[in-house]
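The values are calculated or read from the model by the stated rules, or taken from the named source; none is laboratory data. Since we're looking at a predicted model, the values are computed, not measured. Please note: Cβ atoms are built from the backbone with ideal geometry, for glycine as well, and neighbour counts cover all protein chains shown.
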Amino acid sequence: MQAIQLETHIQNDGKITLPEIYREWYGKTVQLVLLESSLSEQKTYSAFDIYDKLDLGEGGYTQASSANVKQGIKDVLQSKANK
């Protein structure tokens, strides 16, 4: 089974156009998977959103000091992965 991935537009009448580069596929029966790629629906996360979801344990400084937060986060996440 051969597969290709491309981005194209579905016309209002339901037609899907394959670029000329894929002309060897014209006339073939295929399986089709559609993934909507709307940029407006993609959620972007700020650094605060990501940090807010991290469970660093009770007491903030209990697990790592603010002076060494990058290493502290790495250590906490590593210890959780090893449990």
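Could you look through the stretch 15-36, keep only residues that are within 17 Å of M1 (Cα to Cα) and among the polar types (S, T, N, Q), and pick out the one that is surrounded by the fewest Cβ atoms within 10 Å (Cβ to Cβ)?
Applying the filter and picking the extreme gives T29.
(1) under 30 Å from A3 (Cβ atoms); (2) in a loop (DSSP other than H, G, I, E, B); (3) modelled with pLDDT under 75: which one isn't true of D55, the others all being true?
(1)
At pLDDT 75 or above, surrounded by 10 or more Cβ atoms within 10 Å (Cβ to Cβ) and either touching an Asp or Glu at 6+ places or on another chain (Cβ under 9 Å) or farther than 30 Å from I10 by Cβ (or both): is that true of K80 in this structure?
Here the answer is yes, as K80 does meet what is asked.
Consider D49 carefully, then state whether it is over 30 Å from L6 (Cβ atoms) and at pLDDT below 75.
The answer is no for D49.
May I ask you to list pairs of residues, at least six apart or on different chains, whose Cβ atoms are under 8 Å apart, with the first in the stretch 66-83 being of a type in the set (D, E, K, R) and the second being surrounded by 10 or more Cβ atoms within 10 Å (Cβ to Cβ)?
Note: pairs meeting the criteria are D75/Q63; D75/A64.
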